[in-house]
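Asks: Just passing along the structure, written as structure tokens.
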Amino acid sequence: MNGRFQQRGASSLGVLFYMLTGAFALTCALKLIPVYIEGYTLKSAIAKAVDNREYDGLSVGGIKRKLSKTFEMNMIEGISYRDVKITRAKGKTTINANYEKRVPFLFNIDVMVKFDDLVYEYQTELPN
């Protein structure tokens, strides 16, 4: 009776493999999802302010003060408002908020997440 009625299932080694794979995936998610949420929050906050022309008529210091409030309100800790580069040239204002964040992963292994799509450029309206 060793034929087709024999029970089959995962071995102990197979179950251990699936548990370790699941634990690794869960660790990745718990470490990296907050970093990506913070990056998305920063990107949408600056894009919204640029689209609504909230920085028009402000000096570079004024823009940094507004960014400081935005960072504080949205609890953005991966980058400081001091690290945001703001330049003005020929009627254009450029806000460069690119940054990298290192996240401790396992033991002495770190994961570096790079946000390099946070450059915003808009036409500065000059007073008449």
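Asks: At 7 Å along the Cα-to-beta-carbon direction for both Val50 and Thr87, put a label point, then send me their distance in nm to one decimal.
Replies: It is 1.4 nm.
Asks: Show me the three semi-axes of the equivalent ellipsoid for the chain, from the C-alpha gyration tensor (sqrt of 5 times each eigenvalue), largest first, rounded to whole Å.
Replies: For the chain, the ellipsoid semi-axes come out as 50, 15, 11 Å.
Asks: How about the stretch 63-128: which GluC sites (Glu not before Pro) there lie in a loop by DSSP and see at most 14 other Cβ atoms within 10 Å? Mind showing how you got there, number by number?
Replies: On the way: sites: Glu72, Glu77, Glu100, Glu121, Glu125; in loops: Glu77, Glu125.
Answer by residue number: Glu77, Glu125.
Asks: At a threshold of 8 angstrom on Cα-Cα distance, excluding pairs fewer than six apart, so keeping six or more, what relative contact order does the chain reach in percent?
Replies: On the way: 108 pairs, mean separation 25.9, N = 128.
Relative contact order of the chain: 20 percent.
Asks: Same structure, new question: Can you give me the accessible area per residue for the chain, using a 1.4 Å probe, in Å²?
Replies: 75 Å²
Asks: What order, most packed first, do the peptides 39-49, 55-65 have when packing is the mean number of other Cβ atoms within 10 Å of each residue?
Replies: Working: 39-49: 15.9, 55-65: 14.0.
The densest-packed peptide leads the list: 39-49, 55-65.
Asks: Ignoring ligands, DNA and RNA, what percent of the accessible area of the stretch 43-101 is carbon or sulfur (1.4 Å)? Mind showing how you got there, number by number?
Replies: Details: 1740 of 3610 Å².
Exposed carbon and sulfur together represent 48 percent of the surface.
Asks: Alpha carbons only, please: Rg and Dmax for the stretch 17-70, in angstrom.
Replies: Reported Rg and Dmax, both Å: 18.3, 60.
Asks: Work out the FRET efficiency for Phe107 and Leu20 from their Cβ-Cβ distance, taking R0 = 25 Å, and round it to the nearest 0.05.
Replies: Details: r = 15 Å, r/R0 = 0.61.
So the FRET efficiency works out to roughly 0.95.
Asks: Here's a follow-up. So how compact is the stretch 39-101: Cα radius of gyration and Dmax in angstrom?
Replies: Here Rg and the maximum Cα pair distance are 11.2, 33 Å.
The values are calculated or read from the model by the stated rules, or taken from the named source; none is laboratory data. Keep in mind the model is a prediction, meaning the values are calculated, not measured. Every residue, glycine as well, gets a Cβ built from its backbone with ideal geometry; the counts of neighbours run over all protein chains shown. These area figures cover heavy atoms from the full protein model, side chains too; ligands, DNA and RNA do not enter into them. Shrake-Rupley method; radii C 1.70, N 1.55, O 1.52, S 1.80 Å.
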